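The values are calculated or read from the model by the stated rules, or taken from the named source; none is laboratory data. No experiment lies behind these values; they were computed from the predicted model shown. Here the Cβ positions follow ideal geometry from the backbone for every residue, glycine too, while neighbour counts run over all protein chains shown. What goes into the accessible areas is simple: the full protein's heavy atoms, side chains included, and nothing from ligands, DNA or RNA. Shrake-Rupley method; radii C 1.70, N 1.55, O 1.52, S 1.80 Å.
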Amino acid sequence: MVPSVVDDGMLAKIAQYRSRGRVPATVWIHEGTGASLSRCAQPLAGIFGGRCPEDERMVKALMDGLTPEGRQKRQSFPCTAADGSKARVKTVKLIILDARPWQAAMGNSVMGKGTENAENYEGCVLEFAKIDNIHAVRASLEGLMDLCARAFSADEGVRAQANLAWLAELEATKWLHYQSLLLGAAERMRTALSRGVCVLVHCSDGWDRTAQLVCLALLLLDPEYRTLEGFARMVELQWCGFGHKFAERCGHYADPAFQKGQQAPVFVQFLEAVWQVARQHPTEFEFNERFLATIAYHAYSCRFGTFLFNTEFEREKYRVRMETASLWSFLLAPQNRRKFTNQLFTMRKTKASGPRERRDRPDKYDAKKRGSVHESLRARGKKAHARARSAISSRSSSRRNLASGPPEGELKVNMSQVLNKAFEKCE
């Protein structure tokens, strides 16, 4: 979805200015504040900072539509300049969140790409999430897998003696560091949108880190995406629909033309970040960790056609939906649904809207059937649910201050929990 003031001629010029023709597209609007969440690719600004008036007008149009509540909340929103310094900018209306480190963005400018100059976009500030590229993430996972393999192959005595060394090696892999960067940026997006500040996020080409950040922000903001069907819709749109390169990132092709250097666990990294949030808020997600693990497994298994190929065009060309089964049909089937359902889940009413939702594919099983399943599960697990909620109430109260915490229906990420949980079994 794009603003109504943007015509086809403007879109054509903006597509020439954005990498891969990926123009800013609005994917979600906060119902309370009216702030929009949009995604795109890096601008082709180059080392001399080339401009596109049509792109600037479109970004300005993204700021329109705030509710009175949203306009009031954004007056004192704390912003971060590109150099990391804190400042209060009274006129801030939109945050351009570049997922890359500043050095990477400057390096791309030498190749004719780069990032935006916030001075050319009225009411905008530019921030960097400092998330490294796919090569760093791939090396991090390889180090983590090697570390775990060595730990499990050793006997208990050797494992106990090497405990401290293992924790140091775990930190050296930087896997948890990258998780904290992802969740920290998503929390920043949640805070901005809840305070009436629009967000435009991009990385280099808009199909790796951009998808991660957008989806994590949606999970924090909208309870709908924490349900089984909602999560399926989100993955279908934000990952498959926007062209995440599953075939190359997951190594589906045996063709030597697809280099091994393009493989990276971007999608798996996102699924673990979802798991990190779910562990902090065990009653807020309808699905359990088995659901996430099954999705991660079948992203590589090629048993289902959901993650085959790189784009919707290729899937239509090779008749994927006609010739293969959908992963969501398997996960959401009545006979399988219960084992993927979180028994502690508490249904919440959706507080926001997603203008680009596509409800046809994942919603094969209607809401009435889903509701009957929820009622049955809650009836049978009522006593266990009550005990679990009382057990976690003390922890929840320390994590969330209701007076200054997020609005109802939204989640807040406790960054210290991301690192502490990893060390529980090692102590």
Item to check | Inter-label distance, nm, simple model (7 Å from Cα along the C-beta direction), residue 303/residue 16 | outcome: 4.9
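Please compare each pair in 245/317; 13/113; 73/93; 60/245; 13/93 to a cut-off of 21 Å on the Cα-Cα distance and tell me which ones are over it.
Working: 245/317 16 Å; 13/113 16 Å; 73/93 11 Å; 60/245 30 Å; 13/93 24 Å.
Beyond 21 Å: 60/245; 13/93.
Quick one: order 234, 106 from most to least accessible surface, probe 1.4 Å.
106, 234
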Item to check | Additional length obtainable on full extension of the chain from residue 106 to residue 148, 0.36 nm per residue less Cα span | outcome: 11.5 nm
Checklist entry - So for the pair residue 313, residue 120, with labels modelled 7 Å out along Cα→Cβ, what separation do we get in nm? => result 2.6
Checklist outcome for this item: Going residue by residue through the range 303-320, the Karplus relation 6.51 cos²θ - 1.76 cosθ + 1.60 with θ = phi - 60° gives ³J(HN,Hα) values, rounded to whole Hz and with x marking Gly or Pro, of 5, 10, x, 4, 10, 7, 6, 9, 9, 5, 4, 5, 5, 5, 4, 9, 6, 4
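Express the accessible area of the range 165-308 per residue in Å², computed with a 1.4 Å probe while the remaining protein chains stay in the model.
For the range 165-308, the solvent-accessible area averages 27 Å² per residue.
Taking R0 as 30 Å, what's the FRET efficiency between residue 72 and residue 324 from their Cβ-Cβ distance, rounded to 0.05?
About 0.05, to the nearest 0.05.
Roughly speaking, what is the stretch gain from residue 262 to residue 279, that is 0.36 nm per residue apart minus the C-alpha to C-alpha distance, in nm to one decimal?
Contour length minus Cα-Cα distance gives 3.0 nm.
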Checklist entry - In whole Å, what is the distance between the alpha-carbon centres of the range 1-75 and the range 205-226? => result 17
Next on the checklist: Could you order the peptides 141-151, 48-58, 305-315, 266-276 from most to least packed, using the average number of other C-beta atoms within 10 Å per residue?
Outcome noted: 266-276, 305-315, 48-58, 141-151
